[in-house]
Structures are given as structure tokens and as C-alpha cells.
Amino acid sequence: MKRVIILKFIGFIILNFTGIMANSQNKIPAGQLFNEMKKMRQVLHNSPEYSHKEEQTAKILLGYLEPTKPDYLHKNIGGYGVVAGYKGKGNGPSVMFRCEMDAIKTEMGFEHLCGHDGHMAILLGLSQIVSENRDFDGTVWLLFQPAEEIGEGASMMAKELKELGIKFDYAFALHNHPGYPLNSIIIHEGVYAAGSVGMEVRFKGSPSHAAYPEQAVSPYNAIVSTADYMKSLNTDKESFKDFILGTVVNITLGEINYGVTPGEGYLRMTLRSFADEDLDKLCSMMERFAKAKGEEDKLEVTIAYFDRFPATVNDNSANSMVEAAAKSAGLEIIYAKEPTRGSDDFCFFAFDSLSSFFDIGNGTDGEDIHRSGYKFSDQIMETALNIYRTMIYNFKVR
Ligand SMILES: [Zn+2]
Ligand SMILES: [Zn+2]
């Protein structure tokens, strides 16, 4: 769908990566800006807020963004989301860069253990550059997205932006990636992140006294065999085009009451796949099995779905812009062997845009994201800023 809408642009765009530095000179010395970004990140780091609660974070962002005098500044989009737009001198596409605003919940309260503070500081640094030097074509949009960790912010923002008539021809996002060499650029051809959905199966029979289990219609067997069936699909190479994975996340059966045979139970699973059609197929295979099992055991079966994420799929032309910018900066490029198994709600922006989601290596030692002891590497910010800047100032519509 996204390709149909945007393809017309491609014919007019010439990527010109010669004379990069000439085009992207700015008044603020690079070293000074980088130091400012480090300070901005620290301020954001010290104000971690959970998904949908990013009120103070939005205030801090606006405090930095307002003096850059964007042509458009939208607040409270999809919750506390902020979107700033800067018009270049020439006509051209609208190009969006997205970062996330939320911290994660830990034993300590809330902490920026995913590096979103760093991702925000990158776009704040970029705001200063595009504000000062308008020698680019089209409009640059900097998008600060709330509630990414719980996968709700992007779809809420995308809906409101549509109502405001804001469209992005191109959409870019990056994530720091521990375990890869510092400042290496990890490019995903095709699928960046898996699609996923939460599936809840409720089996309802009737309870009995625990001394007379034969009188009960218990969902026990149906739950166990449905979970086993899902496990068998995980290794079924025949039925699916690409990778699929089902994980049992919760089973609830009866109450904690030693006198009762349970009459009701829930099996909750997360199903994921790299291809959206595989996820549809997986869901319908699971549904069919659960319903048949219910019928066999005389149980009522109800199925509900939660948090559906389509797969995030990168576009080749958008990827090649990132690749060319990384090459011109002499950075190490790594082509990812397989997509990320986790989902990302960036897909809700990627639908109607040519998009690229890439990773930047956070260093090979150090903890993974979401783990205590994780540390965002500040050097990434300079690398990311250079890539984005190169893309903006060398993306010419003729
Ligand atoms: Zn995270
Ligand atoms: Zn993250």
C-alpha cells in the first residue's frame, strides 16, 4: 500500500552525496553542539517517565524546540507527543525522523534503560541544525513519540496526524543496539521487526467438588493440548513462509481453592511472525484447534486478541539513503542476518511512507537494553546526527 502512494517521488529524486560538507555547514561548531546534546540527554535522563506519563519530558523537549522556531509545532499528539516541522528552501518531500520518549518500569521506579533519552537528544541536536540552515528541499519533521514501550503511542499519533492532514513521504527511525561495535550501522533489508499479537483463549465448562472431578467439565486438557499444539507449530517448517513463534505468557485455571475442580480457564499467548500473512495463518490455525478441542470436551470457547503489531518493513530506497550517508561517513555497515523478533510500533508510521528503521551499535561490552547496568553510549549521538544531516542536505529534488 505504501509503495503505491509514494513511488511517484522516486523519479524526481537524485541522491547527491558529493559536496556533503559544503551543503551541511552550520553556524554552531560541531563540538559545541555535541556537548549541548550530551547535556540535553542528561536532563532527559534525570526525568524518566513511564508510557503515557511523559508530561515533564514533553515540557523539557518543548523548552529546547521552541527557541528553534519550527514552522509547525504540534503538542499533545497521541498523548504527550510532540512534532516539529521545518521547511527547507526548496520544494520536496516531507521527511520524518522519529524518536521515543518513554522510560521503562524497574525496581528503582522508572529508568531510561532503552536509550530513549539519547534518541531524543539526537533529534534535539538536529532541530538546531535544520532550524539554522534551511538549504534543503521539502520539510523535515522531528517526531517525539510517547508510549513506545507499550506499543500504543505510534498508532495514536498516526491517527491524530492524519486528522491534522500531516503526511510523511519518508520516515526514519534508529535504535541503539548493544552487542554491536560502537557506531556500526546495522541495516535490515526488508523486515526490521516481527509482527505480533496477543491471543487469549477462554475455555468455559463447569466446576465440581474436587472429590468428584468426573462431574466437572474442566478446561485443563484443552488448555494443555492447545499450548502443546502451539509449540508444535513453532517447529513446523511446512505451513509458514518465514519465521513464526508462539510463546505462552499466562495460564489461569480455576481459583486457589483445594475443594474445587475448575470449570473455567484462560490460555494467553503471544504469537509473532516476520510475514504478516503468516501471523494471520497462525491465528486461524490456533483458533481452529482451540474450537475443535472445546467442542470435543464440551467447553465454550471465546477468543480475544490484544496489541496487534504488523511487521515493520523497510523500504529499499529509504534504506539506501541511510546506507549512503553511513558510507560517506566511513562507518562500518553491518547487514542484519535476520529481523528483530520483538515488535515495534514504528510500523504505524511506516505504512504510508517509504521507511527505514536501522540500528547503531552501542558497543560490544555492556548490558543489553532494559537490563540494569545498561548505559547509552553518548558517541552514538554524534554519529546519528551526522547521518541524518547528510541525508537531509543531500536529498535534492531536481
Ligand atoms: Zn525498550
Ligand atoms: Zn527502545
Karplus-derived HN-Hα couplings along segment 351-358 (A = 6.51, B = -1.76, C = 1.60, θ = phi - 60°), whole Hz, x at Gly and Pro: 3, 9, 10, 7, 10, 9, 10, 10
Residue of 42, 379, 32 that the Gaussian network model of the chain assigns the largest fluctuation, springs spanning Cα pairs under 10 Å: 32
Hz values of 3J(HN,Hα) by residue in segment 59-66 - Karplus curve (6.51, -1.76, 1.60), Gly and Pro given as x: 4, 4, 4, 5, x, 7, 6, 4
Added length on full extension, which subtracts the Cα-Cα distance from 0.36 nm per residue, residue 231 to residue 365: 44.9 nm
Positive-end residue of 273, 336, 285, charge dipole of segment 256-337 with Cβ unit charges: 336
Trypsin sites (Lys or Arg not before Pro) restricted to DSSP loop in segment 188-284 with at most 12 other C-beta within 10 Å: 237, 241
Listed residues 208, 47, 355, most fluctuating in the chain (Gaussian network, C-alpha, under 10 Å): 208
Restricting segment 269-373 to GluC sites (Glu not before Pro) in coil, as DSSP defines it, with at most 16 other Cβ within 10 Å: 332, 367
Amide hydrogen neighbours beyond the local backbone of residue 264, cut-off 5 Å, H modeled: 205, 254
Cα gyration tensor of segment 116-180 - equivalent ellipsoid semi-axes, whole Å, descending: 21, 20, 10
Loop chymotrypsin sites (Phe, Trp or Tyr not before Pro), segment 173-264 (other Cβ atoms within 10 Å of the site Cβ: 11 or fewer; DSSP): 258
Gap separating the Cα centres of segment 232-310 and segment 105-120, nearest whole Å: 32 Å
Cross-link pairs 38/105; 162/291; 241/291 - those with Cα-Cα distance over 28 Å: 162/291
For residue 334, residues with placed amide H under 5 Å, excluding near neighbours: 185, 186, 187
Within the chain: Cβ-based charge dipole about Cα centre, in debye rounded to nearest 20 (Lys, Arg +1; Asp, Glu -1): 1220 debye
Total formal charge among the other residues, if their Cβ is under 10 angstrom from that of residue 240, Lys/Arg +1 and Asp/Glu -1: -2
Given charges at beta-carbon only (K, R positive; D, E negative), |dipole| of segment 41-118 in Debye: 440 debye
Amide H contacts under 5 Å for residue 138, placed H, 5+ residues apart: 88, 90, 91, 92
Charge dipole (the chain, unit charges on Cβ, about Cα centre) - positive-most of 79, 303, 259: 79
From phi via Karplus (6.51, -1.76, 1.60), per-residue ³J(HN,Hα) for segment 127-132 in Hz, x at Gly/Pro: 4, 5, 5, 6, 5, 7
Base-10 log of normalised Debye intensity for the chain (one unit scatterer per alpha-carbon) at q = 0.09, 0.11 Å⁻¹: -0.59, -0.82
For the chain, calculated [θ]222 nm from helices alone, where every DSSP H run of n ≥ 4 adds -39500 (n - 2.57): -10500 deg cm²/dmol
Proximal aspartates and glutamates to residue 53, defined as alpha-carbon separation beneath 16 angstrom and excluding residues fewer than eight positions away on the same chain: 100, 102, 111, 117, 148, 149, 152
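Every read-out reported here was derived from the displayed coordinates using simple, explicitly stated rules and does not represent laboratory data. Owing to the predicted nature of the structure, the values given are computational and were not obtained by experimental measurement. So basically every Cβ, Gly included, is an ideal-geometry build from the backbone, and we count neighbours across all protein chains shown.
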